[in-house]
Amino acid sequence: MTGPRGEITLQTIAMPADSNANGDIFGGWLMGQMDLGASVLARARARGRMATVAVDGMEFHKPVHIGDVLAIHSVMEREGRTSMRIAVEAWITRQPSGDHLKVTQAVFTFVAIDEAGRPRVLP
Ligand SMILES: CC(C)(COP(=O)(O)OP(=O)(O)OC[C@H]1O[C@@H](n2cnc3c(N)ncnc32)[C@H](O)[C@@H]1OP(=O)(O)O)[C@@H](O)C(=O)NCCC(=O)NCCS
């Protein structure tokens, strides 16, 4: 299996408050972490405000457990006039086994916006 694609843009730990009735972590929480992680890259490139406009190809490969260390890996795939397409992978490290697994992937598109919330040309 190949390793993670892209730099780590966010790391956190899955906590009990993020879990569902099965004891696994909510998909919505994971999507939120991916959005945040990708936005670190987008914000740096846009040098200012931007908004998420689309999420494509969201795939949940494996469940996340409480206590897993979650790393969000992001890579810029394409820059448009105002938009940025960023590929995101979420990987966990699970103790005590030390297993390192890809749990989720998606492509996030962000648009640089001005103070009025209108698209802004990337600097
Ligand atoms: C982001 C927003 C300002 C863009 O406005 P818009 O009128 O769609 O802008 P445009 O049609 O001019 O498109 C702007 C860019 O976004 C891209 N884009 C728009 N919709 C897209 C979509 N569904 N998927 C991928 N790219 C998209 C366009 O291709 C264009 O890219 P380019 O300038 O690099 O060629 C507007 O859609 C918005 O405010 N959305 C809500 C954002 C938000 O609140 N996000 C948080 C969700 S909780």
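The values are calculated or read from the model by the stated rules, or taken from the named source; none is laboratory data. For clarity, every value in this text was computed on a predicted model and none was experimentally measured. Don't worry about glycine lacking a Cβ; one is built from the backbone with ideal geometry, like all the others, and counts go over all protein chains shown.
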- Query: Are there any pairs with C-beta distances below 9 angstrom linking a residue in segment 38-52 that is surrounded by fewer than 21 Cβ atoms within 10 Å (Cβ to Cβ) to a residue that is part of a helix (DSSP H, G or I) and aliphatic (A, V, I, L, M), with the two at least 6 apart or on different chains, and if so which?
  - Reply: 52/38; 52/42
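Identify, please: which residue in segment 82-95 is more than 10 Å from the ligand (Cβ to nearest atom), at pLDDT 95 or above and not basic (Lys, Arg) and is, among those, farthest from residue 21 (Cα to Cα)?
86
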- Message: If I ask for residues that are of a type in the set (Gly, Ala, Ser) and not in a helix (DSSP H, G or I), which ones from segment 1-45 would you list?
- Response: 3, 6, 14, 19, 21, 23
- Query: Here are 79, 59: which of them is surrounded by fewer than 16 Cβ atoms within 10 Å (Cβ to Cβ), charged (D, E, K, R), under 20 Å from residue 7 (Cα atoms) and within 16 Å of the ligand (Cβ to nearest atom)?
  - Reply: 79
- For segment 46-83, how many residues meet the condition of being outside any loop (DSSP other than H, G, I, E, B), under 30 Å from residue 95 (Cβ atoms) and among the charged types (D, E, K, R)? 1
- Note on the structure: By residue number, the members of segment 104-123 that are surrounded by 21 or more Cβ atoms within 10 Å (Cβ to Cβ) and more than 16 Å from the ligand (Cβ to nearest atom) are 104
- Does residue 88 satisfy the criteria of being within 25 Å of residue 14 (Cβ to Cβ), in contact with a strand residue (DSSP E or B) (Cβ under 8 Å, 6 or more places away or on another chain) and assigned to a strand (DSSP E or B)? yes
